[in-house]
Amino acid sequence: MKEVVRNKKAYFDYEILESLEAGIVLAGSEVKAIRMGRVNLKDNFVRIVRGEAFLFGMHVAHLANTNTYYRPDERRSRKLLLHKKQLRKWFNQVGQQRLSIVALKLYFNQKNRVKLQIALVKGKKLYDKREDMKKKALEIDAKMAFKNHAKGS
């Protein structure tokens, strides 16, 4: 598995409840751009419309060598390939429990296909975000102290 891009903001802003792998419908030039890392997942979300899932807000930049007459919109909505049973389950949870669906990371699988890891998420409160930042700072301090202690021995 070759990870291309990761949505760090989603890990900070949301509590991840459940995740799964989804295929994504792309144009050929978009696959080449993703392979070169010219993609951004920062402000994306997934919406289920008429029993189909669509990804909104993913930005795939054009390549310089792409045909000038065929350049798909960089921020267009892209269809996700998921099982109907999974879509219905998540659609019900999103509607009833006020949850969201966001993309976490984009990668190439073993068969060299572009896959997207999407997750059912719940928004964190500000105090939860502060607590996570404190934990992260304490972990970094502990690692540095251990590292310095190991060097001194």
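Looking for something out of contact with any helix residue (DSSP H, G or I) (no Cβ under 9 Å at 6 or more places or on another chain) and free of Cβ contacts under 8 Å to residues at least 24 places away in the same chain - is there at least one such residue anywhere in the range 27-42?
Yes, some residue in the range 27-42 is out of contact with any helix residue (DSSP H, G or I) (no Cβ under 9 Å at 6 or more places or on another chain) and free of Cβ contacts under 8 Å to residues at least 24 places away in the same chain.
Regarding the range 127-137, can at least one residue be identified that is surrounded by fewer than 16 Cβ atoms within 10 Å (Cβ to Cβ), closer than 17 Å to Val49 by Cα, aliphatic (A, V, I, L, M) and at pLDDT 85 or above?
Checked against the condition, which is being surrounded by fewer than 16 Cβ atoms within 10 Å (Cβ to Cβ), closer than 17 Å to Val49 by Cα, aliphatic (A, V, I, L, M) and at pLDDT 85 or above, the range 127-137 yields no hits at all.
Considering each residue of the range 105-117, count those that are in contact (Cβ under 8 Å) with a residue 24 or more places away in the chain and over 11 Å from Gly23 (Cβ atoms), and give that number.
Residues that pass the stated criteria total 6.
Scan the range 92-126 residue by residue and report those that are open to solvent by 50 Å² or more (accessible area, probe 1.4 Å) and among the charged types (D, E, K, R).
Arg98, Lys111, Arg113, Lys122, Lys125
The values are calculated or read from the model by the stated rules, or taken from the named source; none is laboratory data. Please read all numbers here as calculations on a predicted model, not as lab measurements. Every residue, glycine as well, gets a Cβ built from its backbone with ideal geometry; the counts of neighbours run over all protein chains shown. In case anyone asks, the SASA skips ligands and DNA or RNA and just uses the protein heavy atoms, side chains included. Shrake-Rupley method; radii C 1.70, N 1.55, O 1.52, S 1.80 Å.
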